[in-house]
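Novice: Questions regarding the structure given below will be posed in turn.
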Amino acid sequence: MPVHDFRFPGESEEYRRQRDELLRAEIDLRRQLEAVAERTRALPPGGAVPTDYQFDEWGADQGAHRRVTLSELFGDKDTLFLYSFMVVPKEQGLPFVGPCPSCTSIIDGIDGALPHITQRISFAVAANAPIERFHEHGVSRGWRHARLLSTAGTTYNRDYGAEDENGNQWPLATVFARRPDGIHHFWSCELWFATREEGQDPRHVDFMWPVWTVFDRTPDGRGMTWGPELDYG
């Protein structure tokens, strides 16, 4: 039975049959996404934050930076979304050194949405790199809204899974919640740590990265060879 009555110009009966099968799968996925979101909202408080981490933040005055604590990042909100941005050291042995092209692509896309996002929650981007270097990268990308922090000199990245014992950097999204009894970890994108099925990336930050969801709707899909770059010139 057809899912709906609308038809596109020139489509065949076979196309419509297979598209309706796909559409039913999309409807099932929509239900599953909401079910997962509901279970996320129902999580009990996670572990209390072990210390009020002090980060470097680029200040409003040119050439200045200041220290800001994790608790201060909440402002007047009770939820803080903190994205761990990879600035890769040479010793990590990846094909690139310095600001991660994939992390850059993510923040390129989300920066413009932040005036909307920060109506409800606080949001910041943190990297284990000198704040001057991270700020310079943000300026080069034209970021206007992302709050940039340096975690250098803190244990934050290691404590919350964005850095391993060898100093290798990893991208991770983490949510903290402020409650009457203090600040608690609420959620992190733990798909990063889970076993990956053959042929799949971890997809742990795809929810904030529209590039892949756009490609997934095209004939060639996301493919296995293309990746973001810092410069397409």
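Coordinate-derived values only; no laboratory data. These numbers were taken from a predicted model, which means no experiment stands behind them. Neighbour counts are summed over all protein chains in view; Cβ atoms, including those assigned to glycine, are modelled from backbone coordinates with ideal geometry.
Novice: Tally the residues that are farther than 20 Å from Leu33 by Cα and not acidic (Asp, Glu), restricting the search to region 194-220.
Specialist: So the count comes out to 4.
Novice: Criterion first (more than 16 Å from the chain's Cα centre (by Cα) and under 23 Å from Pro44 (Cβ atoms)) does Arg222 satisfy it?
Specialist: Considered against the rule, which asks whether it is more than 16 Å from the chain's Cα centre (by Cα) and under 23 Å from Pro44 (Cβ atoms), Arg222 comes out as no.
Novice: Right, something else. Output the number of residues of region 132-148 satisfying the condition of being buried (at least 20 other Cβ atoms within 10 Å of the Cβ), more than 15 Å from the chain's Cα centre (by Cα) and not in a helix (DSSP H, G or I).
Specialist: 1
Novice: Okay, next question. Scan region 22-47 and report the pairs whose first residue is free of Cβ contacts under 8 Å to residues at least 12 places away in the same chain and whose second residue is of a type in the set (S, T, N, Q), with Cβ atoms within less than 8 Å and a gap of 6+ or a chain change.
Specialist: none
Novice: Any residue in region 94-116 that is among the β-branched types (Val, Ile, Thr) and either more than 17 Å from the chain's Cα centre (by Cα) or at positive phi (or both)?
Specialist: Yes, some residue in region 94-116 is among the β-branched types (Val, Ile, Thr) and either more than 17 Å from the chain's Cα centre (by Cα) or at positive phi (or both).
Novice: Would you mention how many residues in region 98-126 are assigned to a strand (DSSP E or B) and farther than 21 Å from Ala177 by Cα?
Specialist: 2
Novice: Scanning for something within 25 Å of Arg141 (Cα to Cα), of a type in the set (A, V, I, L, M) and in a strand (DSSP E or B), does region 68-76 turn up at least one residue?
Specialist: yes
Novice: Has region 20-32 got any residue that is touching a Phe, Trp or Tyr at 6+ places or on another chain (Cβ under 9 Å) and either surrounded by 11 or more Cβ atoms within 10 Å (Cβ to Cβ) or over 30 Å from Arg144 (Cβ atoms) (or both)?
Specialist: No, region 20-32 contains no residue that is touching a Phe, Trp or Tyr at 6+ places or on another chain (Cβ under 9 Å) and either surrounded by 11 or more Cβ atoms within 10 Å (Cβ to Cβ) or over 30 Å from Arg144 (Cβ atoms) (or both).
Novice: While we're looking at this one, here's another question. Looking at (1) in contact (Cβ under 8 Å) with a residue 60 or more places away in the chain; (2) part of a loop (DSSP other than H, G, I, E, B), find the lone condition where Tyr83 falls short.
Specialist: Tallying (1) in contact (Cβ under 8 Å) with a residue 60 or more places away in the chain; (2) part of a loop (DSSP other than H, G, I, E, B), Tyr83 fails exactly one: (2).
Novice: Answer with yes or no whether Pro44 is part of a loop (DSSP other than H, G, I, E, B), farther than 21 Å from Thr218 by Cβ and out of contact with any strand residue (DSSP E or B) (no Cβ under 7 Å at 6 or more places or on another chain).
Specialist: Considered against the rule, which asks whether it is part of a loop (DSSP other than H, G, I, E, B), farther than 21 Å from Thr218 by Cβ and out of contact with any strand residue (DSSP E or B) (no Cβ under 7 Å at 6 or more places or on another chain), Pro44 comes out as yes.
Novice: Right, Tyr53: among the hydroxyl-bearing types (Ser, Thr, Tyr), in contact with a Phe, Trp or Tyr (Cβ under 9 Å, 6 or more places away or on another chain), without any contact (Cβ under 8 Å) to a residue 40 or more places away in the chain and farther than 30 Å from Pro228 by Cα or not?
Specialist: Taking the combined requirement at face value, the residue does not satisfy it.
Novice: Test Ala129 against the criterion of being surrounded by 14 or more Cβ atoms within 10 Å (Cβ to Cβ), of a type in the set (Gly, Ala, Ser) and outside any strand (DSSP E or B), and give yes or no.
Specialist: yes
Novice: Search region 152-167 for residues that are of a type in the set (A, V, I, L, M, F, W, C) and pair each with any residue that is buried (at least 18 other Cβ atoms within 10 Å of the Cβ) when their beta-carbon atoms are under 6 Å apart and the residues are at least 6 apart or on different chains.
Specialist: Hits for this filter: Ala152/Asn128; Ala162/Ser84; Ala162/Trp170; Ala162/Leu172.
Novice: Another question about this same structure. In this structure, is Pro95 closer than 24 Å to Val211 by Cα and part of a loop (DSSP other than H, G, I, E, B)?
Specialist: For Pro95, the condition - closer than 24 Å to Val211 by Cα and part of a loop (DSSP other than H, G, I, E, B) - is met.
Novice: Would you call Glu57 within 15 Å of Tyr156 (Cβ to Cβ), in a helix (DSSP H, G or I) and not basic (Lys, Arg)?
Specialist: So Glu57 does not fit the description; no.
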